[in-house]
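Right, one structure below, let's go through it.
The values are calculated or read from the model by the stated rules, or taken from the named source; none is laboratory data. Predicted model only: the values in this text are computed from it and were never measured. Every residue, glycine as well, gets a Cβ built from its backbone with ideal geometry; the counts of neighbours run over all protein chains shown.
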Amino acid sequence: MKMNDLVKVENGKIIVAQEIIDAIVEFEKKALQIKLQQEELKQNLKKAMEQHGITEWTSPNGEIKVSYRKPSTRTTIDSTRLKNELPDIYEEYSKTTEVASSISIKVEC
């Protein structure tokens, strides 16, 4: 089957071949599994570093460098409140940036 037959638009509606849908679902499931495994490994490494006061670690072959950052606080601006209470100030200090087009795919696993 040609690539043009897998995704096409007819009468303003996009038509995606089932094999494309199946492939996307499979990739998303695998990506989620890998992400969960990665997070577990990272959490184990973080826990060990916290428990033993280690702030930096490099793997023996130098492939991985890990830096531990202690918990801290962060101050941010409540932009919704600022916009509601001081709209002129909000407008004066707001900036607009270009955002590239993208798509989002959610797969129910």
- request: Please list, ordered by first then second residue, the pairs with beta carbon atoms under 6 Å, 6 or more apart or interchain, first in segment 66-81 and within 26 Å of Glu56 (Cα to Cα), second of a type in the set (Val, Ile, Thr).
  value: Tyr68/Thr55
query: Pairs under 7 Å by beta carbon, first residue closer than 12 Å to Tyr68 by Cβ in segment 33-57, partner loosely packed, with under 11 Cβ neighbours inside 10 Å, six or more apart or different chains?
result: Thr55/Ser67; Glu56/Ser67
message: So, in segment 54-102, exactly how many residues are farther than 30 Å from Gln43 by Cβ, more than 22 Å from the chain's Cα centre (by Cα) and modelled with pLDDT under 90?
response: 0
- prompt: Failed condition for Ala100, given (1) in contact (Cβ under 8 Å) with a residue 12 or more places away in the chain; (2) under 30 Å from Asp22 (Cβ atoms), with all others met?
  reply: (1)
